[in-house]
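Below you'll find the structure, written out as structure tokens, and then a few comments.
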Amino acid sequence: PRVKAVVLRIDSPGGTVTASEELYQNIINLRDDTGRRFKGTGPKPVSVSMGGVAASGGYYVAVAGRPISAEPTTITGSIGVFAALPN
């Protein structure tokens, strides 16, 4: 309850879709005071700062913040997600 805001520094080439989604959802829950993990602490501003690399899953996580800032030399972006569904 004493925390007024969160600054999230991302320096990551990515990771699995599941791990990225879990981080993303937890940041959204913290930011909007929804969900069960941070319930009752009130909404918190979440600012994201991207370091040298914030690609793929790192970029996915970053979009949960407002504002998002990047260094002039940050490598960021995403190649997308590939999922195969057996039939």
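The values are calculated or read from the model by the stated rules, or taken from the named source; none is laboratory data. Quick caveat, the model's predicted, so the values are computed rather than measured. Here the Cβ is made from the backbone with ideal geometry for all residues, glycine too, and neighbour counts use every protein chain on show. When the accessible area is computed, the model is the full protein with side chains, heavy atoms only, and any ligands, DNA or RNA have been set aside. Shrake-Rupley method; radii C 1.70, N 1.55, O 1.52, S 1.80 Å.
Which members of segment 28-62 meet the condition of being among the β-branched types (Val, Ile, Thr) and under 24 Å from Thr73 (Cβ atoms)?
If the condition is that a residue be among the β-branched types (Val, Ile, Thr) and under 24 Å from Thr73 (Cβ atoms), then Val46, Val48, Val53, Val61 are the ones that fit.
For segment 47-59, how many residues are among the hydroxyl-bearing types (Ser, Thr, Tyr) and surrounded by fewer than 17 Cβ atoms within 10 Å (Cβ to Cβ)?
1
Only residues that are in a strand (DSSP E or B) and open to solvent by 40 Å² or more (accessible area, probe 1.4 Å): list them for segment 3-46, please.
Val6, Val7, Leu8, Arg9, Asp11 - these are the residues of segment 3-46 that are in a strand (DSSP E or B) and open to solvent by 40 Å² or more (accessible area, probe 1.4 Å).
Taking the residues in segment 68-87 that are open to solvent by 90 Å² or more (accessible area, probe 1.4 Å) and at pLDDT 85 or above as candidates, determine which candidate is nearest to the chain's Cα centre (by Cα).
So, considering only residues that are open to solvent by 90 Å² or more (accessible area, probe 1.4 Å) and at pLDDT 85 or above, the one nearest to the chain's Cα centre (by Cα) is Ile75.
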